[in-house]
1. For the subset of region 205-222 comprising residues that are within 23 Å of Arg240 (Cβ to Cβ) and modelled with pLDDT under 80, which member is surrounded by the fewest Cβ atoms within 10 Å (Cβ to Cβ)?
2. Residues that are among the aromatic types (Phe, Trp, Tyr), at least 1 per element: which strands (runs of 3 or more DSSP E) completely within region 300-361 meet that?
3. Checking Ala363 against (1) within 16 Å of Val408 (Cβ to Cβ); (2) over 23 Å from the mean Cα position of the chain (by Cα): exactly one of these is not met. Which one?
4. So which of Gly239, Gly156, Gly230 ends up being assigned to a helix (DSSP H, G or I) and either farther than 28 Å from Arg8 by Cβ or assigned by TED's automatic domain parsing to the domain that holds Glu91 (or both)?
5. Which pairs do you get when a residue that is assigned by TED's automatic domain parsing to the domain that holds Glu91, found in region 257-271, comes within reach of a residue that is among the polar types (S, T, N, Q) and outside any strand (DSSP E or B), reach meaning Cβ atoms under 6 angstrom, with the pair 6+ apart or on two chains?
6. How many residues, within region 117-150, are modelled with pLDDT under 90 and within 26 Å of the chain's Cα centre (by Cα)?
7. From Ala164, Ala106, Ala126, which residue is farther than 21 Å from Cys228 by Cα, surrounded by fewer than 20 Cβ atoms within 10 Å (Cβ to Cβ), of a type outside the set (Asp, Glu) and assigned by TED's automatic domain parsing to the domain that holds His94?
8. Take region 233-249 and flag every residue that is buried (at least 19 other Cβ atoms within 10 Å of the Cβ) and either touching a residue at least 60 places away in the same chain (Cβ under 8 Å) or in contact with an Asp or Glu (Cβ under 6 Å, 6 or more places away or on another chain) (or both).
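The values are calculated or read from the model by the stated rules, or taken from the named source; none is laboratory data. All figures in this text were calculated on a predicted structure; none of them were measured in a lab. Neighbour counts run over all protein chains shown; Cβ positions are idealised from the backbone, glycine included.
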Amino acid sequence: MGNEIAIRIEGLGKRYRLGQTVDLKRTFRETLMDLPRFFGHKAARALKGAARRTLSAARVQELRAAVRDHRTADPETPPGTFWALRDINLEVEHGEVVGIIGRNGAGKSTLLKILSRVTDPTTGHAEIRGRVASLLEVGTGFNPELTGRENIYLNGSIMGMKKAEIDRKFDEIVAFAEVEKFLDTPVKRYSSGMSVRLAFAVAAHLEPEILIVDEVLAVGDVAFQRKCLGKMDSVAGSGRTILFVSHNMAAVESLCPRSIVLQSGQMVFDGPTHEAFVCYSNTLENPSVPLKDRNDRIGSGEVRAVGLRFLNESGQPVQSIGMGDSFAVEVKTVGDLKNAIVGILFGNIMKKQMVRGYTWEQADAPVHLRGENTVRCRFEQFPMMHGSYDVHVWIGRPRDVADYVENVGVLTVEPRDVFGTGRTPDPAGGIAFCRARWEILEGHDG
């Protein structure tokens, strides 16, 4: 279909009234659905900087500013109401695969429900051009009293497919969902995993022109998630349009060249996925709260980290270093703990503990903390590619956490010709570098 528009959204908004009577059964189900999102969100908070490594410091600051501007925005809202979405404008071409990321409550699911015609917008409108298949929650579109077989045909009919078309895909759907033994059992007897497998198989195999998938895949096991991602990649390769909501950053990165970031119901970014990750990670930051006042920490509280700073080789405070530089991290602590272990961890949005320093592994003598202390860790020739890295602090004993705080600081590593070749290493080829010697020998030895 070339570059025809599949989805056009103009001025879209959704306002809800607080205090309305709700469906308790639905709320409980949605609460269960939010559990995997919560844990995925916690992982993302701890690890957010890798996607930044190919961006200039100026571009990172631009993305930070975009998030900051939306934080301060306060659109007029009638008393007793709130905006789940506000002034969304978006165009998606046929064949595009677009990720939608943001914190819980950012408006992602509301947007997909409007596009799937589950709920109506309060303002604006959305145009959908093509046959849509949606997977928004466990058992989406299923009648619980009907069997799996009957629901396959029901869903196909709702999508406007003829029986002959469904017949051609039927065996493939059943094999993908792995529910052959339960095909003639009412869906209400299915486990959540079985329901998700069948729902995804139906949505992906009945040849929709637009596939909308929410975080529901997190309910399935790891093997099935991989199979679903492979199928979505195949669907995308066939020229169909996909909107994909997930807290699994690796899945978004692998599937979606383009992503949008939602924050508090507003779209704060639309562009390349690796830049979207930067924006998303900035929505997780709370720089206005000093480390000593942070209450999102875990541990017994015997000792607390109350301050952190980076020092260059001259002992001067810095916010950035060059590739291969040596530097120190100082952590100020308050409290008493004998035989303590102090850890400083560097991570990004994709990988946990990319670089770390632990006194238990590296210090020559036991660490005893009493009252106010400053713990200094010196990193020699930091091996990470240029980019921004989150810093987390861990204090405790083996199997006993006294204080753990995520995202206590961000270290920026500037590009540098570390090998003296006149060229800067390309971070697309890896997350770290090491010095190596190369030799070209004539002939083969051995």
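1. Step one: list which residues in region 205-222 are within 23 Å of Arg240 (Cβ to Cβ), which gives 205-218, 220.
If we keep only those that are modelled with pLDDT under 80 too, we end up with 206-207, 215-218, 220.
Details: Leu206: 22, Glu207: 17, Glu215: 23, Val216: 25, Leu217: 23, Ala218: 19, Gly220: 21.
Ranking the qualifying residues of region 205-222, first place goes to Glu207.
2. Of the strands (runs of 3 or more DSSP E) lying wholly inside region 300-361, those with at least 1 residues that are among the aromatic types (Phe, Trp, Tyr) span 303-311, 327-335, 337-347, 355-358.
3. (1)
4. On the way: Gly239 fails: assigned to a helix (DSSP H, G or I); Gly156 fails: either farther than 28 Å from Arg8 by Cβ or assigned by TED's automatic domain parsing to the domain that holds Glu91 (or both).
Within the list Gly239, Gly156, Gly230, the selection yields Gly230.
5. Listed by first residue and then by second, the contacts come to Ser259/Thr273; Gln263/Thr283.
6. 12
7. Working: Ala164 fails: assigned by TED's automatic domain parsing to the domain that holds His94; Ala106 fails: surrounded by fewer than 20 Cβ atoms within 10 Å (Cβ to Cβ).
Answer to the selection: Ala126.
8. Taking region 233-249 and keeping what is buried (at least 19 other Cβ atoms within 10 Å of the Cβ), we get 235-236, 240-249.
Hits for region 233-249 are Ala236, Arg240, Thr241, Ile242, Leu243, Phe244, Val245, Ser246, His247, Asn248, Met249.
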